[in-house]
Structure formats: C-alpha cells, structure tokens
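Take a look at the structure set out below.
The values are calculated or read from the model by the stated rules, or taken from the named source; none is laboratory data. These numbers come from a predicted model, not from an experiment. Because the Cβ atoms are built from the backbone with ideal geometry, glycine has one as well, and the counts that use them run over all protein chains shown. SASA here: full protein model, heavy atoms, side chains in, ligands and nucleic acids out. Shrake-Rupley method; radii C 1.70, N 1.55, O 1.52, S 1.80 Å.
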Amino acid sequence: LTVAIAVGMVLASFLFMKRMAEATNVAAVTRELRADGDDTTYSEPGAISRRDVPQRVEVFEISGAFFFGAAEAFKEALGQIAGRPWVIIIRMRDVSLLDSSGLHALSEVVRRFRRDRTLVLLAEVHAQPLAVIERSELFHELGSDVFMNIDDALDRARAHVATRTTGSHPAIGTAPAA
C-alpha cells in the first residue's frame, strides 16, 4: 500500500507537470499579425494589433506558468525565427510564475540573441517573475531593458531600429561581432 501511494504521487506529479506545460503558450505575435493582418487572439485595448510594431522587431508573448515544462517550448518557438530581427520583445503579461529552469531558459535565449546583435526586451513582467529576474544575473545583463508596459518597450525598439538604420550600432550586451 505504501509503495502504491508513492507511485501514485509520482505519477500524479508527472501528470500535473505535463498539463501545466500544455497550458503554457508561447506565440510569435508579430508573425501572426503580419500573416493575417489581424490580432484575433487579443482584441482588447492591450492587443499588439493596436500598436505600431516596426520592421525588424519581433514580439513574442508567453501565457501561463513559465517553468521547466514550458522552457523547452519557449526555446523552440524562439528558435524558429526566420532571419535576424534587430529587436525581440518578450511580453510576459500572462506569466504569473517563473521558476529557476524558466529563468535559465530565458537567460540562454537572451545571451544567444545578444551574441547575434539582437536587442532583447522584456515587457509587462508581473511581480513574482520580476522578483526572480531581479535576483539573477539576467537582470544586470538586461539593465534598463525591462519595461512595465508594451508601449515603452516598443518605444525602445523604435529608437534601437532608428540607430541601426542610421549606421551607428550601439553595443548590445557583449562585445560586437567581428
């Protein structure tokens, strides 16, 4: 009976993690918007379709708990970006939980894109995920590139695109690529 209860608890925890991972969604909002011309997923005032997203800027939105089960889906979704965007905005308005494995995945993604000279911005980060990020090295790497709303992040993206278009390339994170 004791072994059966222990096995049942382990199976229940695996089932819970699987369901939580399935409930987490990572979507390339700008790609969908540019493909069909309409932001059907979000029609409220905060919808990305109501904003001017510059060319060479990609907006990704994470919805649900961001823990180890969802971290792989996140890395996979960002790995499917065609071309090299100049700015990636990761919108986290629907992320209520971030654990250390989610933070690790986020850090990996930020470092990978910064090596490619892509600016990574975080937008609309809730209290718990923000507290986890603030206690990590990632917060120091991002510096002032964590925004409380999407409009401020888009303004930063526009400014960055403008400086790259004019030919002056500001340093992003590590040393510029040769």
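Sort out which residues of region 123-145 are part of a helix (DSSP H, G or I) and open to solvent by less than 10 Å² (accessible area, probe 1.4 Å), and write them in order of number.
Pro129, Ile133, Leu138, Leu142, listed by residue number.
Can Val3 be described as farther than 17 Å from Ser107 by Cα, at pLDDT 70 or above, assigned to a loop (DSSP other than H, G, I, E, B) and of a type in the set (Val, Ile, Thr)?
Judged against the criteria, Val3 is not a match.
Condition first: surrounded by 20 or more Cβ atoms within 10 Å (Cβ to Cβ), part of a helix (DSSP H, G or I) and not aliphatic (A, V, I, L, M). Can you find one or more residues in region 146-164 that meet it?
Within region 146-164, one or more residues are surrounded by 20 or more Cβ atoms within 10 Å (Cβ to Cβ), part of a helix (DSSP H, G or I) and not aliphatic (A, V, I, L, M).
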